[in-house]
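A short worksheet on the structure shown next.
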Amino acid sequence: MSEENVQGGAEQPQGPQFAVQRVYLKDASLETPNSPEVFTKPWQPEVGLDMNTQTQQLDENHYEVVLTLTVTVKNDDMTAFLIEIQQGGIFMIAGLEEAEFGHTVGAFCPNVLFPYAREAVDNLCTKASFPPLMLAPINFDALYAQKLQQMAAEAEGNAETAH
C-alpha cells in the first residue's frame, strides 16, 4: 500500500455532518393534584402546552438537545393533571455554518425528539387513567423562524434606543 493511500484513508469527510447518537427520556413527572375528585366530573378538558429547548455542547461535534414539554390539563377550572417531559437527544453535528447550526439545534433536533416526547405524554396520561392525549404536531421550523424575527426586532429596538 502506498503512503498516499494511507494518508487519503485517514482524511475526515468534508461538508456538513449530522447523526442521531441517542434519544432518551431525561426526566418525566406526573401530578394529579385533584384526584379522585376530578374523576367525578364530566370530561371537558382544556389543554395547555408550554415548550422549551436547551442545547449543551458535549465535545467538539456532539451536542445534547433537550425538549421540555409541560402539559397542563384543566377540567371545570380544576387541574386534572400536569405532565412534564424532558426528552433528550445526543446529536453529532459538524461542518455547519452558524445559521445552519442554529436551525439544526433550534428546529431540526426538536423535530426528531417531539414524537418521543409526545408518546411519553400520552403514556403517562393513560397510566393516570385519563383518556389518551395525542398532542398535535408542532412546526418547529415556523417557531424557530418566529424566534429569529423576534430577536431581530428586539435588536433593532435596542439599536434605536441606543441612538
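Every number in this text was worked out from the coordinates using simple rules, so none of it is lab data. Predicted model only: the values in this text are computed from it and were never measured. A quick note on method: Cβ atoms are made from the backbone with ideal geometry, for glycine too, and the neighbour counts reach across all protein chains shown.
Tell me the volume per residue, in Å³, of the convex hull enclosing the alpha carbons of the chain.
Once divided by residue count, the hull of the chain is 172 Å³.
Once amide H atoms are placed 1.01 Å from N in the peptide plane, what residues at a sequence separation of 5 or more from Ala80, or on another chain, have their amide H within under 5 Å of its amide H?
Here the answer is Val73, Lys74, Asn75, since their amide H atoms fall under 5 Å of that of Ala80.
Quick one: if you stick a label point 7 Å off each Cα along the C-beta vector at Tyr24 and Gln57, how many nm between them?
Result for the modelled spin labels: 2.2 nm.
Would you kindly calculate the translational diffusion coefficient of segment 37-95, applying Stokes-Einstein with the Kirkwood radius from alpha carbon pairs, for 4 °C and a viscosity of 1.567 mPa s, and quote it in µm² s⁻¹ without decimals?
Diffusion coefficient, whole number: 94 µm²/s.
Which Rg and Dmax, in Å, describe the Cα atoms of segment 70-163?
18.2, 59
For the chain, calculate the relative contact order in percent as a whole number, restricting contacts to Cα pairs under 8 Å that are 6 or more residues apart.
23 percent
For the Cα atoms of the chain, what angle does the longest principal axis make with the long axis of helix 140-162, in degrees from 0 to 90, nearest 10?
Taking Cα atoms only, the helix is inclined about 80 degrees.
So for Ile138, Ile85, fewest C-beta neighbours within 10 Å to most, what's the order?
Exposure proxy ranking, most exposed first: Ile138, Ile85.
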